[in-house]
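Working notes for the structure below.
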Amino acid sequence: MSGRRDIRLWNSAAGQYAEHVNGTSDSFYRRLAPFLWQALGDVSGRSVLDLGCGHGWLGEQLRSAGAVVTGIDGSTALLERAAGAFPDITFVAHDLTAGLPRPLTQYHAVVAHMVLMDLPDLDQLVRDVRDSLTPQGSFTFSILHPSFFAQEPVDDGERYRKVTGYLRHEQRWITTFGGHQHYHRPLSWYVDLLVSNGFVVTGLHEPPTLPHHTRPESEWTDYERWFATIPTMLALTCRPAPASAV
Ligand SMILES: C[S@@+](CC[C@H](N)C(=O)[O-])C[C@H]1O[C@@H](n2cnc3c(N)ncnc32)[C@H](O)[C@@H]1O
């Protein structure tokens, strides 16, 4: 399935997205960061691909840490911002539902922060990521948590999230940033996809949900403290399976 329609939506959303998601202070990045940097280790001199790089802020973190960074995204509107702000990164416009651009390039690490659940088709992409990684390479990504993100929080004397239809693949309309599609699949679907494409899962992270504004936990409201116990994001890291295990 082509990502053309989604990319058009992201082009329309680019201004709002870039304004709202301001890099390292963003609550999703704050949740991801410890896991990401542990999974990556020392990136200096390493080639790293930022899949679905948006306006480039994560690529810039990687570049500042010494990596040679390529960012790929479908939205030319986001890429224009990225290229203007971060001239030392190579940015490529490409529809990721078609996999990676040909010919494939080798990377020591591939990261995809908050991207895979926005793509309707991941088959070719995951295969290409696998084929692009060096034998010791890693693929680390974050997604909205399939179990909890889109499930309505309820506060009717008791607080809980209402989980329905979890195992059904669904297309959901997300209204933030002017709107885009979200493709819901259960967590086991992601793991099956990775394993069937020759990956070994080496880490899974379900960080507490952090409030948008950085404040010490002692200043969180009672609701924020409760909300933190239900992860709305998860991150996973995997490596190519050793040749003998495939
Ligand atoms: C939620 S944003 C994440 C962007 C960036 N990783 C960040 O953390 O700010 C999702 C990104 O996926 C990109 N995207 C959506 N569909 C795509 C497609 N079919 N091909 C390439 N990129 C796509 C969007 O343009 C957008 O930059």
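For Gly71, which sequence-distant residues (separation of 5 or more, or a different chain) have an amide H within less than 5 Å of its own amide H, given hydrogens modelled in the peptide plane?
Hits under the 5 Å cutoff: Asp50, Thr90, Phe91, Val92.
Would you please give the FRET efficiency between Thr202 and Asp121, computed as 1/(1 + (r/R0)^6) with r the Cβ-Cβ distance and R0 = 25 Å, to the nearest 0.05?
Working: r = 25 Å, r/R0 = 1.00.
According to the calculation, E is roughly 0.50.
Hey, what angle do you get for helix 76-85 against the long axis of the chain, alpha-carbon based, 0 to 90 degrees rounded to 10?
With rounding to tens, the tilt is 80 degrees.
For the chain, calculate the relative contact order in percent as a whole number, restricting contacts to Cα pairs under 8 Å that are 6 or more residues apart. Intermediate results must be reported in sequence, preceding the final value.
Working: 461 pairs, mean separation 49.4, N = 246.
In percent, rounded to a whole number, it is 20.
Can you tell me how region 14-149 classifies by the Cα gyration tensor, rounded, prolate or oblate, using a/c under 1.5 as the rounded cut? Mind dumping the intermediate values first?
Details: a/c = 1.14, a/b = 1.11, b/c = 1.03.
Rounded, since a/c falls under 1.5.
In whole Hz, with x marking every Gly and Pro, tabulate ³J(HN,Hα) for region 88-105 from phi via Karplus 6.51 cos²θ - 1.76 cosθ + 1.60, θ = phi - 60°.
For region 88-105, the Karplus-derived couplings read 8, 10, 8, 10, 10, 8, 6, 7, 6, 5, 8, x, 8, x, 9, x, 5, 10 Hz, x marking Gly and Pro.
DSSP beta bridges in the chain, what fraction antiparallel, as a percent rounded to 5?
Beta bridges within the chain, antiparallel portion: roughly 55 percent.
Count charges around Gly137 for me, please; just the other residues with Cβ under 12 Å from its Cβ, Lys/Arg as +1, Asp/Glu as -1. Provide the component values of the computation, followed by the final result.
Working: positive: Arg46, Arg130, Arg239; negative: Asp131.
Residues close to Gly137 contribute a combined charge of +2.
How much length is gained on full extension from Ala241 to Asp156, taking 0.36 nm per residue of separation minus their Cα-Cα distance? It would help to have the intermediate numbers written out before the result.
Details: separation 85, 0.36 × 85 = 30.60 nm, distance 4.73 nm.
Value of the extension gain: 25.9 nm.
Search the structure for amide H atoms under 5 Å from the amide H of Phe199, placed 1.01 Å from N in the peptide plane, and list their residues when 5 or more places away or on another chain.
When sequence neighbours closer than 5 places are left aside, the close amide H contacts are Ala241.
Please give the helix 4-20 orientation as an angle from the longest Cα principal axis of the chain, in degrees from 0 to 90, rounded to the nearest 10.
60
Excluding Thr164 itself, calculate the net charge of residues whose Cβ lies under 13 Å from the Cβ of Thr164, where each Lys or Arg counts +1 and each Asp or Glu counts -1. Before the final figure, lay out each step's value.
Values: positive: Arg161, Lys162, Arg168, Arg172; negative: Glu152, Glu170.
Here the count lands on +2.
I want the local charge near Phe149. Using Cβ-Cβ distances under 14 Å, sum +1 for each Lys or Arg and -1 for each Asp or Glu among the other residues. Mind dumping the intermediate values first?
On the way: positive: Arg31, Arg161, Lys162, Arg172, Arg185; negative: Asp118, Glu152, Glu170, Glu206.
So the environment of Phe149 carries a net charge of +1.
Among rounded, prolate and oblate, which fits the chain when a ≥ b ≥ c are the square roots of the eigenvalues of its C-alpha gyration tensor, a/c under 1.5 means rounded, and a/b larger than b/c means prolate?
On the way: a/c = 1.43, a/b = 1.31, b/c = 1.09.
Rounded is the answer for the chain, as its axis ratio a/c remains below 1.5.
R0 = 45 Å: FRET efficiency of Gln136 with Asp222, Cβ-based, nearest 0.05?
Numbers: r = 46 Å, r/R0 = 1.02.
Efficiency, from the Cβ-Cβ distance: 0.50.
Restrict the search to region 1-51; then list the chymotrypsin sites (Phe, Trp or Tyr not before Pro) that DSSP places in a loop and that have at most 16 other Cβ atoms within 10 Å of their Cβ. If you can, show how the numbers build up before the last one.
Details: sites: Trp10, Tyr17, Phe28, Tyr29, Phe35, Trp37; in loops: none.
When the chymotrypsin sites (Phe, Trp or Tyr not before Pro) of region 1-51 are filtered for loop state and at most 16 Cβ neighbours within 10 Å, nothing remains.
Each reported figure results from applying straightforward, stated rules to the coordinates on display, with no laboratory input. What you are looking at is a predicted structure, and each value in this text was computed from that prediction instead of being measured. Neighbour counts run over all protein chains shown; Cβ positions are idealised from the backbone, glycine included.
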